[in-house]
Amino acid sequence: MRPSPPQSWHGAPPLPQAQPDHLLPKVSIHVPAYNEPPAMMIDTLNALAALDYPDFEVVVIDNNTKDPGIWQPVLAHCEHLGERFRFFHVDPLSGFKAGALNFAMRNTADDAAIIAVIDSDYRVERNWLRELVPLFNDDKMAIVQGPQDYRDGDENAFKAMCQAEYRGFFHIGMVTRNERNAIIQHGTMTMMRRSALEEVGGWGEWCITEDAELGLRIFEHGYKAFYVPKSYGRGLIPDTFLDFKKQR
């Protein structure tokens, strides 16, 4: 039986007004990586370093990459960026991406109240945290989610078609789900209340779609989620159909 449509569309309410720095909670940004090109990751880290936000840390967790020539340049760049950036290389580490994110949780600063996650190819906008973190002023808000978006959709016809397919989900499906507090959490450009994440037991290492599964458990505990249909970060589309198929 289909759920009935809402009687009226609420639309996305305006974002909260900007808050003074002393009222903004600390955010821990987690960046999981496995065998990723170091130049791409350094670009990601440079964008994070430029965030306009008073109190944040970045936890990079590289799991199971065998070649030191891949992960050591990223370690060196984190050291160059300063104490806000912490890098961990763990091999072996079980649980795939969820295992890496649970490791990052265990190594999060004690005073961080919000945990954010981005993929290792994402270049975030400077205002990402400053504009969206105030949504957590609602005590029941546990997830604030932005869309996946991409910066290389104009490279060729294949990538243009991939980006068009993505947009159908993020600019139609997620918008309608937001009307019913029923969005699908996905594992990049997402922020979570740390206490809620810990309450539900963290990321599910048994599940290949650990992001959506986590979102369902958070909903089951009575929390709310919010989807902002505005891009605050852009990544890279897979280069081939085979890579796209593996991702999907």
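Here Q148 does not fit the description of being open to solvent by 10 Å² or more (accessible area, probe 1.4 Å), under 21 Å from H30 (Cβ atoms) and without any contact (Cβ under 8 Å) to a residue 40 or more places away in the chain. Quick one: would you say E165 is more than 30 Å from A109 (Cα to Cα) and over 18 Å from the mean Cα position of the chain (by Cα)? Answer is yes for this residue.
Answer yes or no as to whether V124 is crowded, with 16+ Cβ neighbours inside 10 Å and touching a helix residue (DSSP H, G or I) at 6+ places or on another chain (Cβ under 8 Å). So V124 fits the description; yes. Residues considered: F169, F136. Of these, the only one that is closer than 23 Å to L48 by Cα and either assigned to a loop (DSSP other than H, G, I, E, B) or not charged (D, E, K, R) (or both) is F136.
All told, F158 meets the bar of being aromatic (F, W, Y) and open to solvent by 20 Å² or more (accessible area, probe 1.4 Å).
Restricting region 149-166 to residues that are in contact with a Leu (Cβ under 9 Å, 6 or more places away or on another chain) and in a loop (DSSP other than H, G, I, E, B) leaves a set whose member that is farthest from F136 (Cα to Cα) is D152.
The values are calculated or read from the model by the stated rules, or taken from the named source; none is laboratory data. As the structure is a computational prediction, the values presented were derived from the model and not from experiment. Glycine gets a Cβ as well: all are built from the backbone with ideal geometry, and neighbour counts include every protein chain shown. For accessibility, only protein heavy atoms count, side chains too; no ligands or nucleic acids. Shrake-Rupley method; radii C 1.70, N 1.55, O 1.52, S 1.80 Å.
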